[in-house]
Amino acid sequence: MFNDIGPLELVTIIVLAVLVFGPDKLPKVIQDVTRTIRKIREFSESAKHDIRSELGPEFKDFEFEDLNPKTFIRKQLDNDELGLKEIRNGFDLKKEMAEVTDAVHGHESEASSSSSSSSSSSGGRIDMTKKPEDTGKDDRPPFDADAT
């Protein structure tokens, strides 16, 4: 429960408890706190037992920790019946991202290897700025007076 409390935090809590409650009342406060925690644990265990007995024998392997969404999803994804481990292990994110990048830039996967070797000679940087295309005077479409 308190796995993330370090020694410095623990000493600070003890010093604050001594200052707030005083050395003569501190043992009584600790006993009251431990008694309360024990009662809460007993209540939760009896509630779990009652719920399991009410659900019946179909849910004898029901775990309340599975009600946590993260635990439930993690347990379902680790299930070997679906074959998700093979899919996850066979998926190379870097390769997929490189293919998507090449597709966006209009390169073929074979052309990307040749262009990467030529771009490595220019410092490995790709120029992403738009440059105006040089259109020759002959490239203009013909003017149609009737269309306007």
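The values are calculated or read from the model by the stated rules, or taken from the named source; none is laboratory data. Just so it is clear, the model here is predicted, and its values are computed rather than measured. Positions of Cβ are generated from backbone atoms using ideal geometry, with glycine treated the same way; all protein chains shown enter the neighbour counts. The accessibility values were calculated without ligands, DNA or RNA, using every heavy atom of the protein model including side chains. Shrake-Rupley method; radii C 1.70, N 1.55, O 1.52, S 1.80 Å.
Within the option set GLU54, GLU63, GLU42, GLU58, being of a type outside the set (A, V, I, L, M) and within 30 Å of ASN89 (Cα to Cα) holds for one residue only, GLU63. Of everything listed in (1) at pLDDT below 90; (2) open to solvent by 100 Å² or more (accessible area, probe 1.4 Å), the single unmet condition for ASP24 is (1). In the set LYS70, LYS48, LYS75, LYS60, which member is basic (Lys, Arg), at negative phi, touching a helix residue (DSSP H, G or I) at 6+ places or on another chain (Cβ under 9 Å) and surrounded by fewer than 12 Cβ atoms within 10 Å (Cβ to Cβ)? After applying the criteria, what remains is LYS60. Mind listing whichever residues of segment 31-44 are open to solvent by less than 90 Å² (accessible area, probe 1.4 Å) and among the hydrophobic types (A, V, I, L, M, F, W, C)? Listed by number, the residues that qualify are VAL33, ILE37. For the condition at pLDDT 65 or above and either open to solvent by 100 Å² or more (accessible area, probe 1.4 Å) or aliphatic (A, V, I, L, M) (or both), ASP139 qualifies.
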